[in-house]
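In what follows, a structure is listed as structure tokens, so that the remarks can point back to it.
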Amino acid sequence: MIDCKTVDCPMNPNQKLMVEQEVFFDPERYRRLVGWLIYLTMTGPNLSFEVGVVSQFMQNPCIGHWNVAIRILRYLIKTVGQGLLYEDKGNTQIFVYCDTNWAGSPTDRRSTIGYCVLLGENVIKKQNVAWSFAKVEYRAMTPSPMSLYG
């Protein structure tokens, strides 16, 4: 994929992934690729949302899911050498923000909780997790262990 056509964003923002009829021919290959992408989110939190979306289909991936994972790779090739710069502005407080989305998943109507952890003005963790609505609301009300240090 070194000479592939690159893209400006890792996923079409209006695209909703759903379970399709056409199953991907090699689910193990899909799982390996998504696992590698999950590993990359540790150093590239800008990919957390997109990788979280494709990781929801690890059990039964389809051709469309594979195409989105490949698009993420095409974005990574374009952004190779770019990284995060954590600036020391004298503020070392930890801030945690969270929000919920009620029944936002088009496939199973599950709710999503999203949170963002900042060290001063630097983002150090972003994540979206799909759960039942009751679990999302309960989790959103529960103080994060990280917020105890802020």
Practice item. List the residues of region 23-42 whose backbone N lies under 19 Å from a point placed 7 Å from the Cα of Gln82 along the Cα-to-Cβ direction. Key: 37-42
Practice item. Could you check the simple spin-label distance between Trp102 and Glu28, using points 7 Å along Cα→Cβ, in nm with one decimal? Key: 4.5
Check your understanding: What is the extension gain from Glu121 to Gln15, computed as 0.36 nm multiplied by their sequence separation minus the C-alpha to C-alpha distance, in nm to one decimal?
Key -> 35.1 nm
Exercise for review: For region 7-110, run through the trypsin sites (Lys or Arg not before Pro) and keep only the ones in DSSP coil with at most 13 other Cβ atoms within 10 Å of their Cβ.
Suggested key: Lys16, Lys89, Arg109
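Quick note: the coordinates plus some simple rules give every number you see, no bench work behind them. Because the structure is a prediction, the values reported are computed rather than measured. Note that we place each Cβ from the backbone using ideal geometry, even for glycine, and neighbour counts take in every protein chain shown.
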